[in-house]
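Below: one structure, written as structure tokens.
What follows draws every value from the coordinates through simple rules; no lab data is involved. Keep in mind it's a predicted model, so treat the numbers as computed, not measured. Here Cβ is always computed from backbone atoms with ideal geometry, including for glycine, and neighbour counts include all displayed protein chains.
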Amino acid sequence: MRRLGFALGLAVLAVACGGSGGSGGASGGGPAAKEGPTVAMMPKNKGNPYFVSCHKGGQEAADQLGVKLLWDGPTETDPAKQNEVVEAWITRGVDVIAVSVENKEAISTVLRKARAKGIKVVTWDADAEKDARDVFVDQATPQGIASVLLEHTSRLLGGKGSFAIITASLTAANQNEWIKNIKEQMASKYPDLKLVDIRPSDDDRKRAFDETQTLLKVHPEVKVIMAIASPAVPGAAEAVKQSGRTDVKVTGLGLPNASKPYLKDGVLDSVVLWNTMDLGYLTVTVANALARGTLKQGPGGLTAGRLGSKDVDGDHIVLGTPFTFTKENVDQFDF
Ligand code: RAM
């Protein structure tokens with residue numbers, strides 16, 4: 001059921017992108033086309049394919065809603081650059097700033113400044129401090145993400161043994177929240193699993209490759225690598241593949257396209273994610289509703305176009321449930 005819903009969602013998305021995605025905004029003459037708010041949206045890193053696909057979904061929503069979408073941010077992990085871009089957007093006087101936060105503490109002051117000037121602030125994918133934004137658009141709950149990652153890890157280890165995490169940066173707000181939940185759930189549900197090391201990838205595939213090589217040497221007892229930043233999945237899988245260690249498996253959070261070859265050759269057991277285009281689409285939809293004052297509290301409080309309606313729980317809006325890609329289903333997806 002869950003699989004079908006996800007696949008159907010993607011099929012609808014493919015039609016939307018191919019058929020009308022480019023025509024709704026500039027020349028389509030929709031009622032709000034000229035008057036819409038300016039939404040400035042920032043990824044952690046513009047070069048990461050994860051965020052490239054979020055941008056695609058964001059643009060689709062912007063075209064449908066008559067939003068003017070700006071897209072800018074660092075080209076690699078760089079919290080100081082995120083702050084600079086926010087400053088520039090404050091000066092420009094945009095209506096909404098929407099950020100996937102690299103470093104929670106580092107960015108919150110400038111986001112508070114934006115709010116004080118009347119700019120609406122959304123965080124998406126990775127959150128800031130609570131009082132630094134109006135709403136957080138969450139891809140899935142941290143409990144849900146931790147739970148599915150641990151299910152795969154425990155299954156691979158037969159319920160007992162050592163694993164290690166390759167994360168994004170060591171200060172990444174979303175990954176740290178997920179790690180916190182992983183540790184909590186291990187304590188209550190998986191007493192025989194041992195997390196022996198957490199290493200950074202800085203959302204960089206090559207860095208993940210290098211760190212995984214080191215991990216395999218320093219901790220030969222590790223039998224599962226949990227790579228929880230999308231570029232880290234192919235990086236870690238390539239390192240395990242080259243090591244010839246057929247007793248080590250990779251799981252984690254990654255994009256289906258980058259994971260495909262490693263799922264097929266068996267180094268990568270499974271990879272978990274959400275629909276990244278939908279995450280971008282939902283973020284721009286929330287930003288638009290905030291700017292126009294149409295966001296309502298409660299179940300179904302947000303009308304979100306092709307995503308239907310979404311619940312608004314205070315300052316928290318969740319996209320959905322994470323999905324597991326395996327070698328059996330991965331060919332159905334293209335992002
Ligand atoms: C990377 C980024 C992003 C995270 C995914 C899973 O692309 O760190 O924030 O949500 O991985």
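Using the structure shown, list the pairs from 81/241; 217/260; 260/296; 81/117; 130/249; 68/180 with a Cα-Cα distance above 30 Å, or answer none.
81/241; 260/296; 130/249; 68/180
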Distance in nm between residue 35 and residue 106 label points, each 7 Å along Cα→Cβ, equals 4.1 nm
Sorted on mean Cβ neighbours within 10 Å (highest first), peptides 151-158, 282-289, 186-193 come out as 282-289, 151-158, 186-193
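Quick one: work out the % antiparallel among DSSP beta bridges in the chain, nearest 5.
20 percent
Suppose only helical runs count, i.e. DSSP H with n ≥ 4. What mean residue ellipticity at 222 nm does that imply for the chain under -39500 (n - 2.57) per run, divided by all residues and rounded to the nearest 500 deg cm²/dmol?
Values: 10 runs with 148 residues, N = 335.
It lands at -14500 deg cm²/dmol.
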Taking only the alpha carbons of the stretch 142-273, the radius of gyration and the largest Cα-Cα distance, Dmax, both in angstrom, are 12.9, 35
Here the percent of antiparallel bridges among DSSP beta bridges lying wholly in the stretch 191-335, to the nearest 5, is 55 percent
Within the stretch 217-236, the residues whose backbone N lies under 16 Å from a label point placed 7 Å from the Cα of residue 265 along the Cα-to-Cβ direction are 233-236
Contour minus Cα-Cα span, residue 321 to residue 196, at 0.36 nm per residue, comes to 42.2 nm
In whole angstrom, the spacing between the Cα centers of the stretch 162-183 and the stretch 44-83 equals 23 Å
Ordering 197-208, 82-93, 232-243 by per-residue average of other C-beta atoms within 10 angstrom, highest first, gives 232-243, 197-208, 82-93
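Quick one: if the Förster radius is 41 Å, what FRET efficiency do residue 246 and residue 130 give, using the C-beta to C-beta distance and rounding to 0.05?
0.35
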To the nearest 10 degrees, the tilt of helix 205-218 (Cα long axis) against the first principal axis of the alpha carbons of the chain is 30 degrees
To the nearest 0.05, the calculated FRET efficiency linking residue 160 and residue 334 through their beta-carbon distance, R0 being 41 Å, is 0.65
Between residue 257 and residue 84, the FRET efficiency computed from the C-beta separation at R0 = 30 Å comes out, to the nearest 0.05, as 0.45
Exposure proxy check on 317, 179: fewest-to-most Cβ neighbours within 10 Å is 179, 317
Label model pair residue 170, residue 76: point-to-point distance (7 angstrom along the Cα→beta-carbon line) in nm is 1.8 nm
Taking only the Cα positions of the stretch 40-137, the convex hull volume per residue in Å³ is 83 Å³
Under the 7 Å Cα-to-Cβ spin-label approximation, residue 91 and residue 113 lie apart by a distance in nanometres of 1.1 nm
Using the Kirkwood radius over Cα pairs of the chain, the Stokes-Einstein translational diffusion coefficient at 4 °C and 1.567 mPa s, in µm²/s and rounded to a whole number, is 64 µm²/s
Spelling it out for residue 227: with amide H atoms placed in the peptide plane at 1.01 Å from N, the residues 5 or more places away or on another chain with amide H under 5 Å from its amide H are 166, 251, 252, 253
Amide H contacts under 5 Å for residue 197, restricted to residues at least 5 apart in sequence or on another chain and with H modeled in the peptide plane, are 165
By the mean-Cβ-within-10 Å protection proxy, highest first, 327-335, 121-129 rank as 121-129, 327-335
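Could you put 138, 265, 78 in order, starting from the residue whose Cβ has the fewest other Cβ atoms within 10 Å?
Listing 138, 265, 78 from fewest to most nearby Cβ atoms yields 265, 78, 138.
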Computed over the chain: longest principal axis from alpha-carbon atoms vs helix 49-65 long axis, angle to nearest 10 degrees, is 20 degrees
Contour minus Cα-Cα span, residue 189 to residue 292, at 0.36 nm per residue, comes to 32.6 nm
